[in-house]
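**Q** For reference, the structure I am asking about is given below.
Derivation of every value follows stated rules applied to the coordinates shown; laboratory data play no part. In this text the structure is predicted, and so the values were computed from the model without any measurement. In this analysis, Cβ positions are derived from the backbone assuming ideal geometry, glycine residues included, and neighbour counts consider all displayed protein chains.
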Amino acid sequence: MRILKPRDAEFIQKKLSQELVHEVRLVFFTQGESGLTVPGYECAFCAETRALLEDLGELSDKLRLEVYDFLLHEDQVRTYNIDKIPAIVLVGDKDTGVRFYGIPSGYEFATLLEDIIDVSRRSTRLSQSTIEKVATIDRDVHIQVFVTPTCPYCPRAVRLAHQMAMVNDKIRADMVEATEFPHLAMRYNVYGVPKVVINETVMFEGAVPEQVFLEYVLQAVASS
């Protein structure tokens, strides 16, 4: 199954060849690799997500795809703290804390590419002031950003969350595709996207500026 169109693949290959520096592991969690599935928990977009990652992996020798079965590979599931699928973890010289739950399609595909570049270059686009403040966080932070593929404002929120996770090992940041995980969308009252949930206590909607996003994160840390 091919996901990327030839013209798109050519453009992405050129971009990756120019911008990637170090190897990035695309750690993918799916189901059915063992022939086992859980009735009622079928993964609607696992096959498409894997095909997308396989397409990407063919475009650069600095990308390495690792595939694990959610039911079979319990050690890896625990190591990366994966609780739903499809799931993508970006790993550079370490686990970056970056997670994609659901297929990164539509506007979120650009987010995946930009994240890969940042991980490969071991850098982010955050301001120095934000980096310094994020680096001081000494408590666990879990950021969930609910998105839909057609939301043009969602990538900004996801990118900010993911870059903060790259800066500080205490932060884990998830992109969650709301339509693929309706039980979570209902739990967190996701009526508009992006919807950001931090440590289950601080929630807000919209693609806010970097400084405002940081203030919400620090608020969640202070209240934990």
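**Q** Two decimals, Cα atoms only, Kirkwood Rh: what is Rg/Rh over the range 22-223?
**A** 0.94
**Q** So for the chain, averaging the separation of alpha carbon pairs under 8 Å that are six or more residues apart and normalising by length, what relative contact order in percent results?
**A** Details: 384 pairs, mean separation 41.6, N = 224.
Once normalised by length, the contact order is 19 percent.
**Q** Another one. Express in nm, to one decimal, how much length is gained between SER123 and GLN76 on full extension, taking 0.36 nm for each residue of separation and deducting their alpha carbon distance.
**A** 14.3 nm
**Q** How much FRET efficiency would the formula 1/(1 + (r/R0)^6) give for GLU205 and ASP8, where r is the Cβ-Cβ distance and R0 is 35 Å, rounded to 0.05?
**A** It comes out at approximately 0.70.
**Q** Of LYS14/LYS62; LYS5/LYS62; LYS15/LYS62; LYS84/LYS170; LYS5/LYS195, which ones are farther than 24 Å apart at the Cα?
**A** Table pairs above 24 Å Cα-Cα are LYS5/LYS195.
**Q** While we're looking at this one, here's another question. Using a simple spin-label model with points 7 Å from Cα along the Cα→Cβ vector, what separation in nm is obtained for ASP140 and LEU65?
**A** 3.2
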